[in-house]
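Engineer: I have a structure I would like to understand better, so I am pasting it below and will then ask my questions one at a time.
Every read-out reported here was derived from the displayed coordinates using simple, explicitly stated rules and does not represent laboratory data. In this text the structure is predicted, and so the values were computed from the model without any measurement. No Cβ is skipped: glycine too gets one built from the backbone with ideal geometry, and neighbour counts run over all protein chains shown.
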Number of protein chains: 2
Amino acid sequence: MREQEAPGKSLSDNGRMHPAERSTNAFGGLSLEHSSTVDRVADELRRAVFEGELESGTPLREVALAESLGVSRQTLREGLALLVAEGLATREPNRGVSVARPDPDSVRDVSRARTVLETAGVRHWPNASEEARQAVRRALAEYERAVAAGATYQELNQRHLAIHLSLVGLTESPRLVAMAESVVAELRLALAQIDRVRRNAQDQAGSHRHLLDLLESSDVDGAATELAAHLGGAEAAILERLDLD
Amino acid sequence: MREQEAPGKSLSDNGRMHPAERSTNAFGGLSLEHSSTVDRVADELRRAVFEGELESGTPLREVALAESLGVSRQTLREGLALLVAEGLATREPNRGVSVARPDPDSVRDVSRARTVLETAGVRHWPNASEEARQAVRRALAEYERAVAAGATYQELNQRHLAIHLSLVGLTESPRLVAMAESVVAELRLALAQIDRVRRNAQDQAGSHRHLLDLLESSDVDGAATELAAHLGGAEAAILERLDLD
DNA sequence: TCGAACACGATTGTCCGACAATCTGACAAC
DNA sequence: GTTGTCAGATTGTCGGACAATCGTGTTCGA
């Protein structure tokens, strides 16, 4: 390794595991973060995309980016491959990678996919572990707190999506959660592109609070329909704002 | 490009699109496969894994593999990254990539994930396009034909899984199908490992035929429970055989 | 004048060689 | 038996190189 830069933490460890994390001996609480350069590159690119710094469709030139990030072209390439695999960028052979461009079709598809995943989570509420349920309550509470505190657009957005991820977490399936994370990432990209200029995150605490209340009272079907309505509304809102570009 | 080897076709194009594929002009039926070296490397690795040539846990040494495939280490590395992203291999920092090892937990998780995805497809049958429904009928018919013809273990396996993929196709969501493909790939890996020695694919045409009959008669709920039972059985069978290794 | 052929710069895909960091296992030292 | 040390193997990352391809502007011939 030649250099160490600012460490970033990624939500998804792409299939990597470290020896230190697999044993459960006397030193269970200890762990060390081995962030590779590729990971840090990918993190930085994701950040830039989510932050709206990179407009959708922008070509990500390899030499320029590598130089700008202070890494070799090969390393940057692996980072780009990660972004492409996550759907945040697209690659056209011999023409390079560019920031994904959310078109109406993909927005609809993302909406459909998350509906399936989140509905599965909601319907699993009665069988879910107390831990998973608690995660939903916590995510909602933190979102409400952020709303009350008048947090930034970025934070509100992230906490809002965290609620939806916690719903998928009710399935207790790591793979389903990973899929949801990927889908949500695409959603974040679309939101970032839409709100590149004016970033107005409206308060949606009420809807989610209502959803959780239905779940707490074991009204799973009611919660499912409430969720469907919420997601449908979100899709419509995005499509509408996407239309006037 | 320095060399061209035997072309292989991959089911999933990882975010790549080529100009020749996106337009629908007078020459709609024409297309050209621009398979990059990396794609061919990944294809070959997948084949070897599915074929059972590589036992799970086998370390995939970069220099040796690159030499054996006649590609550079960088290129091989990108191919390995694809496998890792698909869950067919795992990477441990500074220790390299090795063929994924299907443990009971991951088998259960894969089963849960595919249950969610395929159930969503089945429940979408009434709203699905005629094209999607036809794909299910076709997949089943081809499986039955393969069974009758006494096809190889490999072909039977693939056609069987194709049926399940076609069920997810009923959702008409490319992303959900892509997720299902990834999950099914992991399943294929598990099956390949289990049946590495004795490869006995039992005839499961009856169960699937019954499922389709229920769908054709619009008994979606019945089909969903039938599917759940089928998947539960498959999971149990795999776990049982996985136990005695 | 206009379309086809050509030339040229930019960029990607792939290769090669290099080397520090890390892991593994053996072996010596305490 | 535990700890320290050392050599070999392997990965992570770098830099440079070059053919293939793309985009574009230019030239040429009808």
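Engineer: I'd like the FRET efficiency for A:ASP219 and A:GLU155, computed as 1/(1 + (r/R0)^6) with the beta carbon distance as r and R0 of 25 Å, rounded to 0.05.
Structural biologist: 0.25
Engineer: I've got another one for you. Can you list the residues of the stretch A:146-183 with backbone N under 12 Å from a point 7 Å past the Cα of A:ARG209, pointing along Cα to Cβ?
Structural biologist: A:147-148
Engineer: Would you mind getting me the FRET efficiency between A:ALA64 and A:LEU239? Use the beta-carbon distance for r and R0 = 25 Å, nearest 0.05.
Structural biologist: Computed FRET efficiency for A:ALA64 and A:LEU239 comes out at 0.15.
Engineer: Separation between the A:ARG137 and B:GLN134 pseudo-spin-labels, each 7 Å from Cα along Cα→Cβ, expressed in nm?
Structural biologist: Spacing of the two 7 Å Cα→Cβ label points: 5.3 nm.
Engineer: Along Cα→Cβ, 7 Å out, is where each label goes; now give me the distance between the ones at B:ALA229 and A:ASN94 in nm to one decimal.
Structural biologist: Label-label distance for B:ALA229 and A:ASN94, simple model: 5.5 nm.
Engineer: Roughly how many nanometres apart are two label points built 7 Å out from the Cα toward the Cβ at A:ARG145 and B:ARG108?
Structural biologist: 3.2 nm
Engineer: Using R₀ = 30 Å, calculate the FRET efficiency as 1/(1 + (r/R₀)^6) where r is the Cβ-Cβ separation of B:ARG101 and A:SER72; round to 0.05.
Structural biologist: It comes to 0.40.
Engineer: Any idea what the relative contact order of the stretch A:75-207 is, in percent, if you count C-alpha pairs under 8 Å spaced at least 6 apart?
Structural biologist: About 30 percent, as a whole number.
Engineer: Please sort B:117-124, B:44-51, A:213-220 by packing, taking for each peptide the average over its residues of neighbouring beta carbons within 10 angstrom, highest first.
Structural biologist: Result, highest mean Cβ count within 10 Å first: B:117-124, B:44-51, A:213-220.
Engineer: Now a separate question. Relative contact order for the stretch B:140-245: what is it in percent, counting Cα pairs under 8 Å that are at least 6 residues apart?
Structural biologist: 26 percent
Engineer: Now for a different question. Please pull out the direction-averaged projected area of the stretch B:102-245, using the convex hull of its alpha-carbon atoms, in nm² to one decimal place.
Structural biologist: 7.8 nm²
Engineer: Could you give the length gained on full extension between B:ARG196 and B:HIS34, defined as 0.36 nm per residue of separation minus the Cα-Cα distance, in nm?
Structural biologist: Gain on stretching B:ARG196 to B:HIS34: 55.0 nm.
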